[in-house]
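The values are calculated or read from the model by the stated rules, or taken from the named source; none is laboratory data. Worth saying up front: this structure is predicted, and the values here are computed from it rather than measured. For neighbour counting, all protein chains shown are included, and Cβ atoms are generated from backbone atoms with ideal geometry for every residue, glycine included.
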Amino acid sequence: MIKLLALRELRSLFVTPSTWFFLAALQFILAWFFLAMLEAFLDVQPQLAQLANPPGVTVSIAAPLFNTAALLLMMLVPMFTMRLIAEERRNQTFSLLLSSPIASRDIVLGKFAGLLIFLIMLTATVPLMLYTLALGSPLDHGLLAANWLGLLLLTGSYVALGLYISSLTVQPVIAAIGALALLAGLWLADMVATAPNSPWHAISPLHHFQNFNSGLINSADVIFFILFSTVFLLLTMRRIENNRRYG
Amino acid sequence: MRAHILGYIRSRSQLSTAAILSDQLPETTLSAHKLTRRFGKRVIVHEVSLELRRGEVLGLLGHNGAGKSTTMQMLTGCLLPESGEITICGIDLLRQPTLAKARIGYLPEIPPLYRELSVDDYLTFAARLRGMKQSDVATALAQTKQRCGLEAVSRKNIGTLSKGYQQRVGIAQAIIHAPDVIVLDEPTVGLDPAQIRDIRSLIRELGNHSSVILSTHLMGEVESICDRVQIMQEGKLIYGDTTAALASYGGEPGHLEDNFIRITETQP
């Protein structure tokens with residue numbers, strides 16, 4: 001059932017014109033940024049060569065590119081998550097799922113998996129773009145893998161939060177703005193918190209991504225992302241049950 | 001009196017045919033006991049009890065806001081009742097929702113259509129969602145499209161179809177998995193007279209093998225397809241009998257519409 005719902009989500013995404021527009025816009029921005037970073041690297045390369053231990057091409061280009069992708073996803077994911085439940089409830093299609101022999105858990109996991117698979121495909125172009133550099137230079141595969149893993153976990157947490165906000169309202173626009181406000185709020189709170197042990201660092205997904213971004217896979221960060229996603233998925237399941245209970 | 005007896009014989013003969021057809025399944029397909037539902041302090045449905053037998057079409061009548069749609073949402077598991085019990089073919093809907101819901105087909109007031117999908121894709125999804133095996137879907141899909149007159153539009157996107165066709169797709173998703181209980185909330189709204197005639201004969205045909213419960217405002221619909229009627233007012237069931245009995249309410253044969261208004265106006 002989870003697979004069936006995930007495939008339905010994917011199908012609906014791919015037949016919607018706005019999806020292709022978002023895809024194209026994201027690829028354009030990422031490609032632009034990639035080329036700009038590459039150009040900047042080529043400009044400073046002669047000076048870098050004079051350093052004793054110069055930063056390589058992966059650190060100079062891949063890390064900032066992944067960081068930009070993480071920020072862009074923060075703004076993009078709410079545009080997709082808003083549809084998941086809020087739009088279904090507004091269009092009255094949710095009653096099809098509620099009257100079907102399928103548990104709330106499966107509805108939530110199916111929707112989560114469907115959008116996550118789509119976003120994995122979407123972000124797969126980032127490492128693909130970077131691997132074109134392998135034609136002219138050796139790459140740090142470890143750093144790339146850490147960034148890719150971090151980006152996936154980060155995307156998962158964004159989707160889980162967006163899905164929960166989407167379950168709270170019947171207005172997709174409110175769901176999008178709500179999720180964006182929360183994600184941007186967490187990011188900004190993390191940015192302005194100067195104390196190293198500030199609680200804002202602990203709860204900001206983007207803060208936990210920074211270790212991955214510098215090539216460090218810290219189990220605490222991995223656990224944070226899994227917990228963050230799980231909590232919001234559980235809240236969404238609870239919300240759907242409450243919908244049945246309280247209307 | 002004559003009409004009453006004829007109606008009774010008609011419903012009994014259908015019941016007995018259906019009983020022969022289904023010797024293993026329980027005869028009562030849907031049973032709801034004292035369903036109550038409140039929204040805030042307002043009681044929307046108050047101690048509604050219903051029973052539906054195989055081979056029977058039950059019409060749920062009532063003015064707007066009488067609680068018909070809320071009752072149907074509870075019968076299909078979309079909304080939990082505050083108190084009361086619902087069993088579908090002997091399975092408790094509240095305790096074993098997955099098992100019970102596989103036997104229900106539901107068309108809400110607004111058909112739950114994914115407008116971006118094609119008719120084929122949508123109906124396949126609906127069938128699989130109700131637990132049909134992949135291998136059985138193709139046959140069921142072809143049969144349902146034929147029954148609902150959807151063959152010509154099977155590859156079209158639902159969003160591009162006319163209201164009448166969308167309504168038919170809505171009915172098709174409710175019957176594709178051959179459910180024992182079919183719940184239809186105003187199934188002929190927005191259709192033209194020819195489509196209404198087709199859909200009515202389809203519902204009558206469905207009623208021969210399954211149980212159908214439908215809500216409607218159209219008395220012609222009740223007269224042509226319902227074996228029994230239940231009238232709801234302000235969340236309560238105020239009348240329940242065969243269609244023929246409603247037609248001869250008060251001792252004299254008359255229009256269903258007049259009798260319906262008499263019943264709803266005389267009740268407190």
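Brief remarks on what is shown
- Restricted to the range B:103-135, and to residues there that are facing chain A (nearest Cβ under 7 Å) and assigned to a strand (DSSP E or B), the residue that is nearest to the chain's Cα centre (by Cα) is B:Tyr106.
- Meets criteria (of a type in the set (Phe, Trp, Tyr), farther than 28 Å from A:Val126 by Cα and either in a helix (DSSP H, G or I) or touching a Lys or Arg at 6+ places or on another chain (Cβ under 9 Å) (or both)) for A:Trp200: yes
- Given (1) buried (at least 19 other Cβ atoms within 10 Å of the Cβ); (2) within 14 Å of chain B (Cβ to nearest Cβ), index of the condition A:Leu7 fails: (1)
- In the range A:98-143, the residues that are free of Cβ contacts under 8 Å to residues at least 40 places away in the same chain and either buried (at least 20 other Cβ atoms within 10 Å of the Cβ) or in contact with a strand residue (DSSP E or B) (Cβ under 9 Å, 6 or more places away or on another chain) (or both): A:Ser99, A:Ser100, A:Pro101
- Taking the conditions (1) more than 14 Å from A:Leu122 (Cα to Cα); (2) loosely packed, with under 14 Cβ neighbours inside 10 Å in turn, A:Val59 satisfies each one other than (2).
- Hits in the range B:214-268 - residues which are among the β-branched types (Val, Ile, Thr), part of a helix (DSSP H, G or I) and buried (at least 22 other Cβ atoms within 10 Å of the Cβ): B:Val222, B:Ile225, B:Thr243
- Residue pairs whose Cβ atoms lie under 7 Å apart, sitting 6 or more positions apart in sequence or on different chains, and linking a residue in the range B:146-157 that is within 14 Å of chain A (Cβ to nearest Cβ) to a partner that is surrounded by 10 or more Cβ atoms within 10 Å (Cβ to Cβ) and part of a helix (DSSP H, G or I), are B:Arg155/B:Asp120; B:Lys156/B:Val119.
- Among the residues of the range B:181-213, the ones that are within 11 Å of the chain's Cα centre (by Cα) and not in a helix (DSSP H, G or I) come to 11 in all.
- Checking A:Leu30 against (1) away from chain B (no Cβ under 14 Å); (2) surrounded by 13 or more Cβ atoms within 10 Å (Cβ to Cβ); (3) more than 26 Å from A:Gly56 (Cα to Cα), the condition it does not meet: (3)
- Taking the range B:62-85 as the range and being buried (at least 17 other Cβ atoms within 10 Å of the Cβ), in a strand (DSSP E or B) and out of contact with any helix residue (DSSP H, G or I) (no Cβ under 6 Å at 6 or more places or on another chain) as the test, only B:Gly84 passes.
- Against the conditions (1) exposed (fewer than 13 other Cβ atoms within 10 Å of the Cβ); (2) more than 18 Å from A:Tyr158 (Cβ to Cβ); (3) away from every other protein chain (no Cβ under 14 Å), A:Tyr246 satisfies every one except (3).
- The number of residues in the range B:45-102 being charged (D, E, K, R), within 18 Å of B:Lys236 (Cα to Cα) and away from every other protein chain (no Cβ under 14 Å) comes to 4.
- Close pairs from the range B:220-246: first within 15 Å of B:Leu35 (Cα to Cα), partner of a type in the set (Asp, Glu), Cβ under 9 Å, at least 6 apart: B:Gln230/B:Asp241; B:Gly235/B:Glu47; B:Lys236/B:Glu47; B:Leu237/B:Glu47
- The number of residues in the range B:86-114 that are within 30 Å of B:Ile158 (Cβ to Cβ), surrounded by fewer than 21 Cβ atoms within 10 Å (Cβ to Cβ) and of a type in the set (Val, Ile, Thr) comes to 2.
- Just one of the listed residues (B:Thr28, B:Thr87) is modelled with pLDDT of 90 or more and at negative phi, and it is B:Thr87.
- A:Ala49 being away from every other protein chain (no Cβ under 14 Å) and not β-branched (Val, Ile, Thr): yes
- Among the residues listed as A:Val108, A:Val59, A:Val44, A:Val126, the single one being more than 26 Å from the chain's Cα centre (by Cα) and among the aliphatic types (A, V, I, L, M): A:Val44
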